[in-house]
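Single-structure report; data block below.
The values are calculated or read from the model by the stated rules, or taken from the named source; none is laboratory data. Nothing here was measured: the structure is a model prediction, and the numbers come from that model. FYI the Cβ positions are ideal-geometry reconstructions off the backbone, even for glycines, and counts take in every protein chain you see. Note: accessible area is taken over every heavy atom of the protein model, side chains too, but ligands, DNA and RNA are not part of it. Shrake-Rupley method; radii C 1.70, N 1.55, O 1.52, S 1.80 Å.
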Amino acid sequence: MLSRTARRLVADVPAIAAAHFEAEADPYHATDNPGGHVNLGTADNRLVWDLLAPRLAEAGPPRAPDCQYGPLHGTPELRAAVAALLGPRWNTMIDPDDVVVVSGATAALDVLATALCDPGEAIVVPAPYYAAFDTDLAGRSGARLIPAPMDEATGYALDPEVVDRVLETAHRDGVTVRAVAITSPSNPVGHVHPEPVLREVLRVARAHDVDVIADEIYAHSVFGAEPFVSMLDPALSGDHAHRVHGIWGFAKDFGLPGLKVGVLHTRDPDVRAAARALAYFAPVSTQTQATLTRLLDDTPWVRDFLDESRRRLGRSYSSAAALLADGGIPHVEADGGFSIWIDLSERLPDKTAEGEHELWRRIFHSARVNILPGTVFGCPRPGWFRLCHSTDAGTVAAGVARLARMGDTP
């Protein structure tokens with residue numbers, strides 16, 4: 001008989017994963033498979049492989065040390081290289097000993113939630129929030145998420161006052177909250193949070209005596225006017241710095257999701273010790289770590305690669321936004337990340353979660369476009385969807401054209 005945890009995980013396969021694999025099983029191609037699924041539901045940077053392929057090919061054959069046991073929380077070489085990469089972006093000196101490398105950002109979130117929360121304790125997340133948080137933060141840790149619903153009128157901009165009210169309500173109801181989880185740039189909306197907003201969120205966290213999970217996996221994927229500011233910047237975190245834990249990985253900024261390499265940074269020695277112990281269950285192969293170390297050691301290449309990636313993402317976003325406008329599909333302006341938050345509420349058969357699900361089924365099965373409904377992101381109002389633009393322009397254009405042709409209602 002399965003455990004309760006196993007049954008819960010089996011029942012709660014993330015919608016992102018299920019839709020991705022179904023769409024990828026029959027992918028659209030302009031000439032070879034024009035009727036295939038147009039996958040605009042996966043946040044995957046497919047704009048940079050031409051830059052990555054030759055650089056990865058230079059890694060050369062595996063060496064004996066690369067195929068032997070290494071530290072399960074990351075080799076010293078990779079942790080040092082990651083610290084050198086992230087330090088300038090986070091505006092702080094990073095001690096490689098404060099870095100834990102595990103098999104993907106999902107594993108890093110799982111490790112951190114398990115280190116911070118006992119079963120039944122809570123993490124507050126501004127909503128809409130990254131859909132897989134339900135599994136990543138709560139699936140195995142036994143924690144639960146409490147959404148803090150942002151206001152549609154502001155484009156779902158992060159509002160520290162709402163976070164404050166939700167924390168106060170949880171405290172009044174006797175709920176133990178251990179952390180607030182913030183994505184910046186935000187997923188799914190694409191906001192890059194301004195410094196004063198982040199500073200106020202940190203003040204709220206300090207006042208309520210909770211930790212902060214700063215998921216900054218898109219830190220190098222900012223292309224808009226709002227400059228990126230990290231929550232790990234000591235100028236913001238101040239005396240709360242030891243309770244601000246950073247999440248990053250190679251899946252987004254480097255377009256390498258299949259290598260499954262995530263990073264947890266913490267200055268809390270107890271959390272670090274727990275994370276190192278939990279890394280036993282989610283290590284990264286030593287050969288993969290050696291390959292990425294050599295990649296990061298070429299500092300000029302990394303700088304040029306990230307600059308070019310941002311340029312391509314900016315062009316991709318601008319093109320997709322123009323197509324959406326031409327198709328009469330409203331959206332929230334984004335400054336970073338791979339997705340656009342689009343409003344299809346006028347096309348709902350009825351203004352309910354069920355109506356949104358019915359519209360999503362039509363989009364996925366009839367129009368054969370993979371975009372994800374707002375319900376899975378905890379969106380307060382039905383009708384919003386996440387569309388990912390970080391793939392070739394022809395695929396994005398085909399998907400938006402199919403959405404535009406669908407009409408308002410069945």
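Some notes on this structure:
- Annotation: of all residues in segment 380-410 being part of a helix (DSSP H, G or I) and of a type outside the set (A, V, I, L, M), the one that is farthest from I146 (Cα to Cα) is G394.
- Considering T169, T135, the condition of being within 20 Å of G249 (Cβ to Cβ), among the β-branched types (V, I, T), assigned to a helix (DSSP H, G or I) and open to solvent by 10 Å² or more (accessible area, probe 1.4 Å) is satisfied by T135 alone.
- Test: residue in segment 30-49 that is under 27 Å from the mean Cα position of the chain (by Cα) and closer than 30 Å to A241 by Cα: yes
- Residue within segment 389-407 that is surrounded by 15 or more Cβ atoms within 10 Å (Cβ to Cβ), free of Cβ contacts under 8 Å to residues at least 40 places away in the same chain and charged (D, E, K, R) present: no
- One residue from D298, D268 being of a type in the set (D, E, K, R) and free of Cβ contacts under 8 Å to residues at least 60 places away in the same chain: D268
- Index of the failed condition, T5 passing every other in (1) surrounded by fewer than 15 Cβ atoms within 10 Å (Cβ to Cβ); (2) over 25 Å from the mean Cα position of the chain (by Cα); (3) not in a loop (DSSP other than H, G, I, E, B): (2)
- Elements of type strands (runs of 3 or more DSSP E) contained in segment 186-266, each with 1 or more residues being over 25 Å from Y156 (Cβ atoms) and open to solvent by less than 10 Å² (accessible area, probe 1.4 Å): 262-265
- Check on L158, surrounded by 20 or more Cβ atoms within 10 Å (Cβ to Cβ) and of a type outside the set (V, I, T): yes
- Entry remark, segment 8-44: residues being modelled with pLDDT of 80 or more, open to solvent by 30 Å² or more (accessible area, probe 1.4 Å) and either over 20 Å from K260 (Cβ atoms) or in contact with a Lys or Arg (Cβ under 9 Å, 6 or more places away or on another chain) (or both) number 12 in total.
- Helices (runs of 4 or more DSSP H) enclosed by segment 268-379 - at least 1 residues per element that are open to solvent by less than 30 Å² (accessible area, probe 1.4 Å) and polar (S, T, N, Q): 286-297, 299-326
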